[in-house]
Amino acid sequence: MAAHYAVAQMSVHVTRKAFLGPTAALILWACTALAYADAVTDWNRIAQKTVGRRLDTLATMNAAMFEALNFVSGRYRPRFVVASRGFDDLSPDAVAAAAAHLVLVKACPNRKAALDAALRASLDALPAGGARDVGVVAGESVAALVRAVAPFASGARDAGPPGWNALVTELIAARALPADERARLHALTSLVVAEAYRIAARSPGRCAPCIAAASVAYVLAAEAGAGALESGASDSDRALGRALARAALGRYYTPLSKP
């Protein structure tokens, strides 16, 4: 994987043009001592280059990576697959890479050669053996199920530039979190953004980017301790975005009770 790099402080300002269009902006900041790349981070960046404005694919990929990693760790309540007791002997990076690869190839078959090469690079960086090879099978199997049942396929396509995902990628990369926690934050933010655009599409006068910004800000503040400031959104859009985020945090991917 990519080399480690030190970070003393990260400050990210997502401009109106890059993230939210002309009506809103999101500012997030976080302090950390170490950041590093991993399969979750790498494949989110690959997805940003591959799918462009397709929020449905980003949401499905992030949900698939989390559900596959959570099937291995067994730490959170899944949404689309059955809970497992965990499989600690599988490689999380192999699981995440395989899950992301399957979703992206199915969504973008014309990019299969490049995605296959990216998967080989991800797997070649891991020790050979059962942990890697069975991890690939587990990741692909869970991703196929998530792709079959996830509700992201309609109402969330071509909704806007994926600057929010790049922002979340950088924020998560600046924290030394386990793979399933990194994937969980991506899945939660993808889920609320997709939901924000679906609701706005059915509600004339609603600002989808504004609702999405409020949702992402709320999730990251609640789950990652990131400070957040939204601007340019109406009170009703901001309130709706926060309500979507609260509902998602209460229903999806909550920690399982410890015995």
(request) Just give me the residues in segment 66-116 being free of Cβ contacts under 8 Å to residues at least 60 places away in the same chain, under 23 Å from L126 (Cα atoms) and not aliphatic (A, V, I, L, M), in sequence order. (result) G86, F87, D88, D89, S91, H101, K112, D116
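Of all residues in segment 224-259, how many are aliphatic (A, V, I, L, M), over 21 Å from P178 (Cβ atoms) and at pLDDT 85 or above?
Of all residues in segment 224-259, those aliphatic (A, V, I, L, M) come to 224, 226, 228-229, 233, 239-240, 243-245, 247-249, 256.
Retained after the next criterion (residues that are over 21 Å from P178 (Cβ atoms)): 228-229, 233, 239-240, 243-245, 247.
In the following step, the residues that additionally are at pLDDT 85 or above were identified as 239-240, 243-245, 247.
So the answer is 6.
Do we have any residue at all in segment 105-112 that's touching a helix residue (DSSP H, G or I) at 6+ places or on another chain (Cβ under 7 Å), surrounded by 21 or more Cβ atoms within 10 Å (Cβ to Cβ) and outside any loop (DSSP other than H, G, I, E, B)?
Residues of segment 105-112 touching a helix residue (DSSP H, G or I) at 6+ places or on another chain (Cβ under 7 Å): 105-108, 111-112.
Right, trim to surrounded by 21 or more Cβ atoms within 10 Å (Cβ to Cβ) and you get none.
Looking through segment 105-112, none of the residues is touching a helix residue (DSSP H, G or I) at 6+ places or on another chain (Cβ under 7 Å), surrounded by 21 or more Cβ atoms within 10 Å (Cβ to Cβ) and outside any loop (DSSP other than H, G, I, E, B).
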(message) Out of the residues in segment 156-185 meeting the condition of being under 13 Å from T57 (Cβ atoms) and not charged (D, E, K, R), tell me which one is modelled with the highest pLDDT.
(response) N165
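Checking the structure you have, find out if any residue of segment 188-200 is over 27 Å from A99 (Cα atoms) and without any contact (Cβ under 8 Å) to a residue 24 or more places away in the chain.
Quick first cut of segment 188-200, residues over 27 Å from A99 (Cα atoms) only: 199-200.
Cutting the leftovers down to without any contact (Cβ under 8 Å) to a residue 24 or more places away in the chain gives us 200.
Yes: segment 188-200 contains one or more residues that are over 27 Å from A99 (Cα atoms) and without any contact (Cβ under 8 Å) to a residue 24 or more places away in the chain.
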(request) Would you point out the residue of segment 62-81, among those that are of a type in the set (D, E, K, R) and closer than 8 Å to Y253 by Cβ, that is surrounded by the fewest Cβ atoms within 10 Å (Cβ to Cβ)? (result) R77
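Is one or more of the residues making up segment 22-44 at pLDDT below 75 and assigned to a helix (DSSP H, G or I)?
To start, the set of residues in segment 22-44 that are at pLDDT below 75 comprises 22-37.
Applying the additional criterion that residues be assigned to a helix (DSSP H, G or I) yields 22-23.
The answer is yes, given that some residue of segment 22-44 is at pLDDT below 75 and assigned to a helix (DSSP H, G or I).
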(request) Quick one: R147 ticks every box in (1) at pLDDT 90 or above; (2) surrounded by fewer than 24 Cβ atoms within 10 Å (Cβ to Cβ); (3) under 14 Å from the mean Cα position of the chain (by Cα) except a single one, so which number is it? (result) (3)
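The values are calculated or read from the model by the stated rules, or taken from the named source; none is laboratory data. These numbers come from a predicted model, not from an experiment. Please note: Cβ atoms are built from the backbone with ideal geometry, for glycine as well, and neighbour counts cover all protein chains shown.
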